[in-house]
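Have a look at the structure below before the remarks.
The values are calculated or read from the model by the stated rules, or taken from the named source; none is laboratory data. Everything quoted here is computed from the prediction, not taken from an experiment. When we count neighbours, we look across all protein chains shown, and the Cβ atoms used for this are built from the backbone with ideal geometry, even at glycine. Just so you know, the surface numbers come from the protein's heavy atoms only, side chains and all, with ligands and any DNA or RNA stripped out. Shrake-Rupley method; radii C 1.70, N 1.55, O 1.52, S 1.80 Å.
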Amino acid sequence: RITQNAAFGALLLRAKKLASFQKISRELILFSAPAVETIIRSTMAQQIALKEDFTWLEGAGTQATPMGIITTPSVTAYTATTVAANGNTFEVQDVQLMVAEVGENNGIMESWIMRPQMHGVLVTRRANQGTANAGEFMFDVVRSVDGKVPSLLGGYPVYTTTQVSGTRVKGTGATLSYILGGMFSQCVIGRAGTLEIRASDVAGTSFEQDEVWIRGISRVDFGVKIPAAICFSDNLLQS
């Protein structure tokens, strides 16, 4: 009989506070249609969600800020095939090479994360067959019956968000981005309670100024259980 003890590590999460705050006049609340307070609450929740997305991707990992994927030690770095001083070019072969990197680290490729512009560039790139950008499409493009291009790359779903930076810098290139691919089920979001949104017309000087103050608070942290199962290709041209 062969036995082997499993090795376990610790992923420590500490609740970190993310807050949003807005002051509005009571007249706006009383006389608006539709109710402006509902609109503001919805907008605050959306902005907190966007900030969380950005932090899960690029957070610095300080006492007050969660550590994002690209700043997590041991995430698998992948250099695109075409390297240049002012930005690298993500080529067709890089798709499966990144998938292979995930597999080599005992991960299972699940999906991609990138900017919408980067996804658009990839699915519309064409080969130079005598005339520039007039040849066959280089990346897999499978059209559905309604003619829409599905968000797939190498057969894996693509999730796009503008919270992926479009201002990475290499040399004189200052509008570069990155692509993540891997086993994102290994990412853990620790949330204490739910998003808390409260309103008050007596806090601070709100009563004196006849205002309503609205505050939203989220207490969360983020971590990656198996960082090597996520592949990170940085400093990519978006053209």
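Some points to look at:
Here's the yes/no breakdown for (1) within 19 Å of the chain's Cα centre (by Cα); (2) closer than 30 Å to residue 32 by Cβ; (3) open to solvent by 60 Å² or more (accessible area, probe 1.4 Å):
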site	(1), (2), (3)
172	no, no, yes
184	yes, no, no
188	yes, no, no
200	no, yes, no
203	no, yes, no
221	yes, no, no
225	yes, no, yes
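- If only residues of the stretch 25-38 that are part of a helix (DSSP H, G or I) and either of a type outside the set (A, V, I, L, M) or more than 13 Å from residue 212 (Cβ to Cβ) (or both) are counted, the one that is most open to solvent (accessible area, probe 1.4 Å) is 31.
- Between 196, 211, the distinction of being of a type in the set (Asp, Glu) and open to solvent by less than 50 Å² (accessible area, probe 1.4 Å) belongs to 211 only.
- Boolean, residue 8 is open to solvent by 90 Å² or more (accessible area, probe 1.4 Å) and closer than 24 Å to residue 204 by Cβ: no
- Of residues in the stretch 86-99 being in contact with a Ser or Thr (Cβ under 8 Å, 6 or more places away or on another chain) and part of a loop (DSSP other than H, G, I, E, B), the one least open to solvent (accessible area, probe 1.4 Å): 90
- Listed by first and then second residue, the pairs with beta-carbon distance under 8 Å, at least 6 apart or on different chains, first residue in the stretch 164-179 and basic (Lys, Arg), second assigned to a loop (DSSP other than H, G, I, E, B), are 170/85; 170/86; 170/87.
- Candidates 184, 207, 137 - the one that is among the hydrophobic types (A, V, I, L, M, F, W, C) and under 23 Å from residue 41 (Cα atoms): 207
- Residue that is farthest from residue 199 (Cα to Cα), among those in the stretch 7-29 that are over 21 Å from the mean Cα position of the chain (by Cα) and among the polar types (S, T, N, Q): 25
- Any pair with Cβ under 8 angstrom, 6 or more apart, that starts in the stretch 83-97 at a residue that is within 20 Å of residue 124 (Cα to Cα) and at pLDDT 95 or above and ends at one that is of a type in the set (Gly, Ala, Ser) and open to solvent by 40 Å² or more (accessible area, probe 1.4 Å): 87/171
- In the stretch 2-18, the count of residues that are among the aromatic types (Phe, Trp, Tyr) and farther than 27 Å from residue 162 by Cα is one or more.
- Test: residue in the stretch 228-239 that is part of a strand (DSSP E or B), open to solvent by 40 Å² or more (accessible area, probe 1.4 Å) and in contact with a Lys or Arg (Cβ under 9 Å, 6 or more places away or on another chain): no
- Meets criteria (hydrophobic (A, V, I, L, M, F, W, C), buried (at least 16 other Cβ atoms within 10 Å of the Cβ) and without any contact (Cβ under 8 Å) to a residue 40 or more places away in the chain) for residue 102: no
- Test: residue in the stretch 197-220 that is in a strand (DSSP E or B), among the aliphatic types (A, V, I, L, M) and within 27 Å of residue 111 (Cβ to Cβ): yes
- When restricted to residues that are closer than 16 Å to residue 92 by Cα and at pLDDT 95 or above, the stretch 154-180 contains 3.
- Single unsatisfied condition, residue 151 versus (1) at pLDDT 90 or above; (2) farther than 17 Å from residue 236 by Cβ; (3) in contact with a helix residue (DSSP H, G or I) (Cβ under 8 Å, 6 or more places away or on another chain): (1)
- Comparison of 185, 165 shows that the only residue that is polar (S, T, N, Q), part of a helix (DSSP H, G or I) and closer than 24 Å to residue 74 by Cβ is 185.
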